[in-house]
Amino acid sequence: MRQVDFLVIGAGIAGLSAAARLARHGKVAVCEAESAPGVHASGRSAAFAHFDMDDPIVRALTAVSMPLLEEPAARRHPALFLALEGQEAALDRVEANYRVWEPGITRLDPQQARELVPILKEGSGGVIGALLDENGRKLDAHAMLEGHRRTLREAGGEVALDAPITALRHDGERWIADTPGQSYSARVVVNAAGAWADQIASLGGIAPLGIRPLRRTVITFDMSPELDVSGWPFTKTVGPGFYIEPEGRGRLLACAMDEHPSEPCDAQPEEEDVALAAWRVEEATTLEIRRIASKWAGLRSFAPDRRPVAGFDRTAPGFFWLAGQGGFGLQTSPAMAMAAEALACGLDWPEGLRAAGVEQAAVSPARFA
Ligand SMILES: Cc1cc2nc3c(=O)[nH]c(=O)nc-3n(C[C@H](O)[C@H](O)[C@H](O)COP(=O)(O)OP(=O)(O)OC[C@H]3O[C@@H](n4cnc5c(N)ncnc54)[C@H](O)[C@@H]3O)c2cc1C
């Protein structure tokens, strides 16, 4: 039986970013079911950070995180938000929300938007207005995960791979968790199992919070070889539509921003979602997508109010929830790790979070009581 202070379940961005901080306060072990970190949501994301997020708490967590998203795991890259026909009000709303945190954004007319992304259509079905944020961040999920893993290792922590937690019980004082090769005794269990977060709670005899995995599909396709798209902004419609993002010199990533309820699983792309992504892009641009270069799907997991969760369970001492990172788990991970460290270690609530208007109650699992 391995004795640790904190046992973190899941080596995605939530688990590893929190583990790296918790290692300052005690012995940490991370158990990951897969043979590498980031195999699920964290390795399948579009990996971009911006403020076009519906929820004010998510925007505030993003604001706290932005200065901490640094090279080499994050680099500045512009983001362009498009209004298609009928989305004028949504563009106004996104602008107002955005200005709170990024007052330097600028309004563009369709012609100016087309100068940045020349494939955009004007007129019927095309772009009618846009918003440019020069300070978005292109994230490198792998570099983020590896950075946290290194910090954790340097602090004496460990990551066990191929180590699914198969049983979890409280012996009155500590949590006992079993993996096929090793058992752990921990003062605190951190449930950072992403789409499996409710299942982990059930394993420990704890009521689930209602964390819902929603599948989203992404495609990539190649542009004509003479066109260098690497400087194009991350480009997203403010209402239903799509986003596109450069993947190197000659490739674009596209997503129809679809959401389909799913069981926790190794999500796979469905043909109709692949077709929808291509169709939505073709509708609003001059592109004809002849061949899909790659496609994948991932699960974005949401709490019932679509805000993330960090905090001890109300009924189970030492059981800490770090879940519901939805479609913003990479870009909010620095702030969420900070919150998790404070709450799991009984420290003062971080001033940076308070100053941004994020109180403990906003992320607490107790809000679902
Ligand atoms: C298509 C797509 C696009 C996205 N785009 C963005 C974006 O642009 N920006 C952004 O910030 N976010 C984005 N996201 C969201 C982001 O990827 C997630 O919010 C984030 O990765 C969630 O991290 P996590 O650590 O909670 O989950 P995960 O990365 O899924 O990690 C959970 C881990 O727990 C492990 N686990 C489960 N059960 C057990 C068990 N019993 N024992 C041990 N381990 C277990 C799993 O194997 C998994 O590795 C996107 C997501 C998708 C799918």
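Here are some notes:
- Relative to the longest principal axis of the Cα atoms of the chain, helix 13-22 runs at roughly 50 degrees.
- Folded to 0 to 90 degrees: helix 56-65 orientation relative to the chain principal axis, Cα: 80 degrees
- Residue-normalised accessible area of the chain, given per residue in Å² at a 1.4 Å probe: 41 Å²
- Report note on the peptides 346-354, 234-242: ranked by the mean count of other C-beta atoms within 10 Å, highest first, their order is 234-242, 346-354.
- In a fully extended conformation the segment linking Glu282 and Ala361 would gain 24.1 nm over its present Cα-Cα distance, using 0.36 nm per residue.
- Protection proxy ranking of 204-210, 7-13, by the mean of other Cβ atoms within 10 Å over each peptide's residues and highest first, is 7-13, 204-210.
- Carbon plus sulfur fraction of accessible area for segment 282-327, probe 1.4 Å, in percent: 45 percent
- Candidate residues Lys121, Lys138: accessible-area rank, largest first, probe 1.4 Å: Lys121, Lys138
- Among Pro213, Pro164, Pro67, the largest mean-square fluctuation in a Gaussian network model of the chain (Cα springs under 10 Å) belongs to Pro67.
- Nonlocal amide H pairs with Lys121, under 5 Å, H built at 1.01 Å: Val127, Thr285, Thr286
- Accessible carbon and sulfur surface of segment 135-194 relative to its total accessible area, %, 1.4 Å: 45 percent
- Sequence-separation-based contact order of the chain, relative, with Cα cut under 8 Å and 6+ spacing, percent: 24 percent
- The string of couplings for segment 111-128 from the Karplus curve (6.51, -1.76, 1.60, θ = phi - 60°) is 4, 5, 5, 5, 5, 7, 10, x, 7, 5, 7, 9, x, 4, x, x, 7, 10 Hz, one whole number per residue in order, with x for Gly and Pro.
- Computed with a 1.4 Å probe over protein heavy atoms only, the accessible area of His25 comes to about 80 Å².
- Degrees, to the nearest 10: 141-154 long Cα axis against longest axis of the chain: 30 degrees
- In Hz, Karplus ³J(HN,Hα) per residue of segment 327-339 (6.51, -1.76, 1.60; θ = phi - 60°; x = Gly, Pro): x, 9, x, 6, 6, 9, 4, x, 5, 5, 5, 5, 5
- Residues whose amide H falls under 5 Å from that of Gly311, counting only those 5 or more places apart or on a different chain, are Trp321, with hydrogens built in the peptide plane.
The values are calculated or read from the model by the stated rules, or taken from the named source; none is laboratory data. Computed from a prediction, not measured in an experiment: that's the story for all the values here. We place every Cβ from the backbone using ideal geometry, glycine too, and count neighbours over all the protein chains shown. Just so you know, the surface numbers come from the protein's heavy atoms only, side chains and all, with ligands and any DNA or RNA stripped out. Shrake-Rupley method; radii C 1.70, N 1.55, O 1.52, S 1.80 Å.
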